[in-house]
Structure formats: C-alpha cells, structure tokens
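Working notes, beginning with the structure itself.
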Amino acid sequence: MSRYILAFDTSGPFLDVVLRNDDTMHTHAVHVGRGHGEAIGPAVRDLLLREGIPASALSAVIVPRGPGSFTGLRIAISFAKGLQAAHDVPVYAVDTLRAMIRARCRAVSTPCTVLSVIDGRKDRLYAACERIDSHRVHHRLFGPVDEGPAVLQQRLHEAGIEPESLIVTGDDIPPEKWAPYPPAWSLEGGVAEALTDLYLERDALMTVLESNEGPTYYRVSQAEEPKSP
C-alpha cells in the first residue's frame, strides 16, 4: 500500500506544496505574495483529487518550523493542525533554512558550501550554512543564527569560507552590505520537496509537532517588541 506524505512551505512569497508517495510526486509552486491563507486549501485539495485519495489517507504532513515570515509560518502550521485534528494525521516540523539548502543543492553535483538566508527585517538575517561533500553528505557549519549582514560576513570569513566558493540561496541581500560574497539565488519552489526528503531521512533537526506547539521564530514579533517610552 502506498504511503502518502504531504508537505507545504509558506515561509516566503511562494506557496510550495508537494504530495508524494512511493512512486510519484505531485508539485504545486506559485507566487502568492501574502495570499497563502487563501491559496493553500485549494492547492492541497487539487493535489489530493489528482491522486484520488482523501486527506485521511495521508501518513504524515511536513511543514517548516521556522525561521521565516511570522504570518506565513502560522498559516502552514495552522493548516497542518487542522488536517491533524480532522484526520488524525501526524505533523512533523523541519528547520526552514536546512530545507532551503537541500532545495538549492539539488542543482549542484559537485562538493559545495551553501548558505541559506531569510530577511529578518531591521537589517538582520536568519542564516544557516552547510558544506556538502563528494558523497552528498551535509555537514552543518553554523546556524540557524539571527544576525546583521556584517556579523554574518565576519562569521563566514572566520570559518574560512571564500566568496568564490559560496552559494547563497534565499532572500536578496543589499550588495553594499554583502560584497564580496555573492548575491542570493532565489528559490521558486523546491522547499516542500526538500521537506519530504528530510522527513524520509529522519533528519536530526526534524521534530514531531505537538498540538500545542507553534513556529520557531528566534525572536519576538514586531507586535510583541517593547515600545519605546
């Protein structure tokens, strides 16, 4: 009997959804800006209909746990919890930055060092860095961290990572704050598929998402920040 797993990423401007079983993988990736809440339900419904299965046939749902957009992460986790409550489907959470690295390195066949970055606003970046060896084994160098571009640049320098050897993926970084390191290669999908890969590999950073858990933000939201007197 086929085992179906569903994954979706709403941590950035793309809605990225994957329905995967032992033999096939159906994908849906579209730029929705801030429209994840309206788009995710129809996208999941259409993938289930395409495969001809009910939501109750899912073996697992995988979501990014953060970092990322406050609203986007909440949408993904809330939708996953709805499936869990209605159909008793277990939900698993995977580090967003690690999934981004996995999605990007698919296009690279040689050993490489990949940095994933998410714009944390207020001149700060969420980032993680991994080195992928010739056997396609990932070695985490650092992260996730929440730092300014200059501090992150210094971290890379201290780790001996030369600009010409680094692949950067994720959100744009202002060139004047980042040179001589290369600009980011934006992802337009692929993160949900990477989430399923990491789930199937039982990644060390994957956790069961309990019913009372929410996203991992690494900082308080803007609404929760203390107000200046």
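The values are calculated or read from the model by the stated rules, or taken from the named source; none is laboratory data. If you're wondering where the values come from, they're calculated on a predicted model, not measured in any experiment. For neighbour counting, all protein chains shown are included, and Cβ atoms are generated from backbone atoms with ideal geometry for every residue, glycine included.
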Considering each residue of the stretch 18-42, count those that are within 23 Å of Tyr126 (Cα to Cα) and surrounded by 24 or more Cβ atoms within 10 Å (Cβ to Cβ), and give that number. 1
Which of the residues that make up the stretch 92-107 are over 17 Å from His138 (Cβ atoms) and either in contact with a His (Cβ under 7 Å, 6 or more places away or on another chain) or surrounded by fewer than 24 Cβ atoms within 10 Å (Cβ to Cβ) (or both)? Tyr92
Would you confirm whether or not the stretch 200-212 contains a residue that is under 19 Å from Phe14 (Cβ atoms), in a helix (DSSP H, G or I), in contact with a strand residue (DSSP E or B) (Cβ under 9 Å, 6 or more places away or on another chain) and in the same structural domain as Ile40 (by TED's automatic domain parsing)? no
Kindly list the number of the only condition in (1) at pLDDT below 95; (2) in contact with a strand residue (DSSP E or B) (Cβ under 8 Å, 6 or more places away or on another chain); (3) over 14 Å from Ala192 (Cβ atoms); (4) not in a helix (DSSP H, G or I) that fails for Asp23. (2)
Run down Arg124, Arg131 and say which single residue is of a type in the set (D, E, K, R) and touching a residue at least 24 places away in the same chain (Cβ under 8 Å). Arg124
Which residues, counting only those in the stretch 64-105, are out of contact with any strand residue (DSSP E or B) (no Cβ under 7 Å at 6 or more places or on another chain) and of a type in the set (Lys, Arg)? Arg74, Arg102
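Per-residue answers, yes or no, for (1) hydroxyl-bearing (Ser, Thr, Tyr); (2) part of a strand (DSSP E or B); (3) over 19 Å from Tyr199 (Cα atoms); (4) over 18 Å from the mean Cα position of the chain (by Cα):
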{"residue": "Ser2", "(1), (2), (3), (4)": "yes, no, no, yes"}
{"residue": "Ala7", "(1), (2), (3), (4)": "no, yes, no, no"}
{"residue": "Val17", "(1), (2), (3), (4)": "no, yes, no, no"}
{"residue": "Arg34", "(1), (2), (3), (4)": "no, no, yes, no"}
{"residue": "Gly37", "(1), (2), (3), (4)": "no, no, yes, no"}
{"residue": "Gly41", "(1), (2), (3), (4)": "no, no, yes, yes"}
{"residue": "Arg45", "(1), (2), (3), (4)": "no, no, yes, yes"}
Of the residues that sit in the stretch 165-205 and are more than 20 Å from Arg98 (Cβ to Cβ), without any contact (Cβ under 8 Å) to a residue 12 or more places away in the chain and not aliphatic (A, V, I, L, M), which one is surrounded by the fewest Cβ atoms within 10 Å (Cβ to Cβ)? Glu176
For Ala150, only one of the following conditions fails: (1) in contact (Cβ under 8 Å) with a residue 24 or more places away in the chain; (2) more than 16 Å from Ala7 (Cβ to Cβ); (3) surrounded by 15 or more Cβ atoms within 10 Å (Cβ to Cβ); (4) touching a helix residue (DSSP H, G or I) at 6+ places or on another chain (Cβ under 8 Å). What is its number? (3)
Do we have any residue at all in the stretch 67-78 that's modelled with pLDDT under 90, on the phi > 0 side of the Ramachandran plot and in the same structural domain as Met25 (by TED's automatic domain parsing)? yes
The lone exception for Val208 - which of (1) modelled with pLDDT of 85 or more; (2) exposed (fewer than 14 other Cβ atoms within 10 Å of the Cβ); (3) farther than 21 Å from Phe79 by Cβ it fails: (3)
Go through (1) modelled with pLDDT of 90 or more; (2) more than 26 Å from Met25 (Cα to Cα); (3) in contact with a helix residue (DSSP H, G or I) (Cβ under 9 Å, 6 or more places away or on another chain) one by one and return the number of the condition Glu164 breaks. (3)
Please indicate, with yes or no, whether at least one residue in the stretch 108-121 is in a helix (DSSP H, G or I), crowded, with 19+ Cβ neighbours inside 10 Å and outside the structural domain of Val89 (by TED's automatic domain parsing). no
